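Asker: Got a structure for you, written out below as structure tokens; questions coming shortly.
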Amino acid sequence: MTTAIIGTGGIGSAVARQLASGGETLQLSSADNESARRLAEAIGEAGVVAVDNRSALQGADAVIFALRFSVLKDVIDEIADALGDKSLVVPSNPVGLDAQGEVVRLLPEGQSSGETIAGWLPTGARLAMAFGTMSADLFESSSNRSPEPAVLFYVTDDNHGSDVVERLIRTAGFEPVKAGGIEQSGRLEVGGDLHDLVVGPAEARSLIGGARSLRRPSQGHLFGRAFAQTVSTALTIAASTGTDSSIEDEAPATTHCPPPP
Ligand SMILES: NC(=O)c1ccc[n+]([C@@H]2O[C@H](COP(=O)([O-])OP(=O)(O)OC[C@H]3O[C@@H](n4cnc5c(N)ncnc54)[C@H](OP(=O)(O)O)[C@@H]3O)[C@@H](O)[C@H]2O)c1
């Protein structure tokens, strides 16, 4: 099967490597396509570089938007008319840096990334939130675990979307476990109770039915390794590109986070 991956940075390249090693054919695009070209070279004939985001979709059954939250809406708008027959998979967490370099949540308290992204999509789009629950390093080191596979949680409102995202999660070397509909996506985000967990299927299923204690960014002591690494990634990006003050412009309601533990 063929999957488009738009965004070939930290999480996009990790997901691409695992999917390629599971046999998926990938069509890759990124902002200037240099990182997509390097990634395609690294993964061999399973990866093809598309000339742009729209071309990446051609012939693909699914598209993974491995993009920072701050650029996601623009890319969706750019290719919205070509998304109708695709399953859309989004790993993005709604965090970024403000003008002072502080980590901020880019959405108001109580508003999840999945619900927000669903509102940006054309009517009838098939959205699943997945592949964003672990840092890229943890994701790769947990893939193809044995004897018991590690779980990747996902959420979707769409039955066909469930089939597609479950196939992708298995191809990447994990056991899929659905945590509910899109309204549950806050549980998967940085700060959510299902984020940064490496568990087997039985424990995962018991967690799904368990108490839902959202770990919001204001509760810094509850953040785990993935949050620290996400923040560290964001800081690395900011250091290499200059602090992105537009993050604050795009996100009038933000929650400031304490430094990661
Ligand atoms: N990194 C992690 O460990 C991790 C783990 C879980 C979830 N996440 C979430 O995943 C999202 C992406 O994080 P990341 O760390 O992978 O970010 P990243 O390393 O900055 O990668 C972002 C990618 O998006 C591409 N891009 C930017 N604008 C684009 C456009 N207009 N069209 C096509 N591609 C474009 C960039 O292209 P260029 O390469 O050409 O610049 C880059 O490849 C974030 O929301 C993050 O919270 C990250």
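The values are calculated or read from the model by the stated rules, or taken from the named source; none is laboratory data. Worth saying up front: this structure is predicted, and the values here are computed from it rather than measured. For neighbour counting, all protein chains shown are included, and Cβ atoms are generated from backbone atoms with ideal geometry for every residue, glycine included. Ligands, DNA and RNA are stripped out before the accessible areas are found, and what is left, the full protein with its side chains, is counted by its heavy atoms. Shrake-Rupley method; radii C 1.70, N 1.55, O 1.52, S 1.80 Å.
Asker: Within the stretch 108-124, is there a residue that is of a type in the set (A, V, I, L, M) and modelled with pLDDT under 95? Break it down stepwise before answering.
Answerer: Filtering the stretch 108-124 for residues of a type in the set (A, V, I, L, M) gives 117-118, 121.
Right, trim to modelled with pLDDT under 95 and you get none.
Checked against the condition, which is being of a type in the set (A, V, I, L, M) and modelled with pLDDT under 95, the stretch 108-124 yields no hits at all.
Asker: With respect to the numbered conditions (1) open to solvent by 30 Å² or more (accessible area, probe 1.4 Å); (2) touching a strand residue (DSSP E or B) at 6+ places or on another chain (Cβ under 8 Å), which one is the sole condition not fulfilled by Asp77?
Answerer: The single condition Asp77 does not satisfy is (2).
Asker: In the list Leu57, Leu39, which residue meets the criterion of being closer than 18 Å to Ala128 by Cα and either crowded, with 21+ Cβ neighbours inside 10 Å or within 14 Å of the ligand (Cβ to nearest atom) (or both)? Don't jump to the end; show me each part of the working.
Answerer: On the way: Leu39 fails: closer than 18 Å to Ala128 by Cα.
Only one candidate passes the filter, namely Leu57.
Asker: Among the residues of the stretch 100-128, count how many are free of Cβ contacts under 8 Å to residues at least 40 places away in the same chain and within 17 Å of Asp74 (Cβ to Cβ).
Answerer: Qualifying residue count, the stretch 100-128: 2.
Asker: Would you confirm, using the coordinates I've provided, whether Glu140 is open to solvent by less than 60 Å² (accessible area, probe 1.4 Å), at negative phi and in contact with a helix residue (DSSP H, G or I) (Cβ under 8 Å, 6 or more places away or on another chain)? Walk me through how you get there before you give the answer.
Answerer: Working: open to solvent by less than 60 Å² (accessible area, probe 1.4 Å): yes; at negative phi: yes; in contact with a helix residue (DSSP H, G or I) (Cβ under 8 Å, 6 or more places away or on another chain): yes.
Yes, satisfied.
Asker: Looking at this structure, is Thr133 buried (at least 22 other Cβ atoms within 10 Å of the Cβ), under 22 Å from Gly192 (Cα atoms) and more than 16 Å from the ligand (Cβ to nearest atom)?
Answerer: Working: buried (at least 22 other Cβ atoms within 10 Å of the Cβ): yes; under 22 Å from Gly192 (Cα atoms): yes; more than 16 Å from the ligand (Cβ to nearest atom): no.
No: the conditions fail for Thr133.
Asker: Being under 14 Å from Val89 (Cβ atoms) and part of a helix (DSSP H, G or I) is the filter; apply it to the stretch 1-13 and report the residue that is most open to solvent (accessible area, probe 1.4 Å). If you could, list the steps in order and put the result at the bottom.
Answerer: To start, the set of residues in the stretch 1-13 that are under 14 Å from Val89 (Cβ atoms) comprises 1-7, 11-12.
Within this subset, residues satisfying the condition of being part of a helix (DSSP H, G or I) are 11-12.
Details: Ile11: 42, Gly12: 2 Å².
Across the stretch 1-13, the extreme among qualifying residues is Ile11.
Asker: Would you say Ala31 is aliphatic (A, V, I, L, M), farther than 23 Å from Met134 by Cα and near the ligand (Cβ under 7 Å from one of its atoms)? Spell out the reasoning first.
Answerer: Values: aliphatic (A, V, I, L, M): yes; farther than 23 Å from Met134 by Cα: yes; near the ligand (Cβ under 7 Å from one of its atoms): yes.
Answer is yes for this residue.
Asker: Considering only the stretch 137-154, state which residues are in a helix (DSSP H, G or I) and within 15 Å of Ala204 (Cα to Cα).
Answerer: Filtering the stretch 137-154 for residues in a helix (DSSP H, G or I) gives 137-142.
Within the stretch 137-154, just Ser142 meets the criteria.
Asker: May I ask you to verify whether Leu26 is more than 7 Å from the ligand (Cβ to nearest atom), more than 18 Å from Val165 (Cα to Cα), without any contact (Cβ under 8 Å) to a residue 40 or more places away in the chain and under 19 Å from the mean Cα position of the chain (by Cα)?
Answerer: On the way: more than 7 Å from the ligand (Cβ to nearest atom): yes; more than 18 Å from Val165 (Cα to Cα): no; without any contact (Cβ under 8 Å) to a residue 40 or more places away in the chain: yes; under 19 Å from the mean Cα position of the chain (by Cα): yes.
Spelling it out, it is not the case that Leu26 is more than 7 Å from the ligand (Cβ to nearest atom), more than 18 Å from Val165 (Cα to Cα), without any contact (Cβ under 8 Å) to a residue 40 or more places away in the chain and under 19 Å from the mean Cα position of the chain (by Cα).
Asker: Quick one: count up the residues across the stretch 80-97 that are within 9 Å of the ligand (Cβ to nearest atom) and open to solvent by 30 Å² or more (accessible area, probe 1.4 Å).
Answerer: At the first step, the residues of the stretch 80-97 found to be within 9 Å of the ligand (Cβ to nearest atom) are 90-96.
Adding the requirement that they be open to solvent by 30 Å² or more (accessible area, probe 1.4 Å) leaves 95.
Matching residues across the stretch 80-97 total 1.
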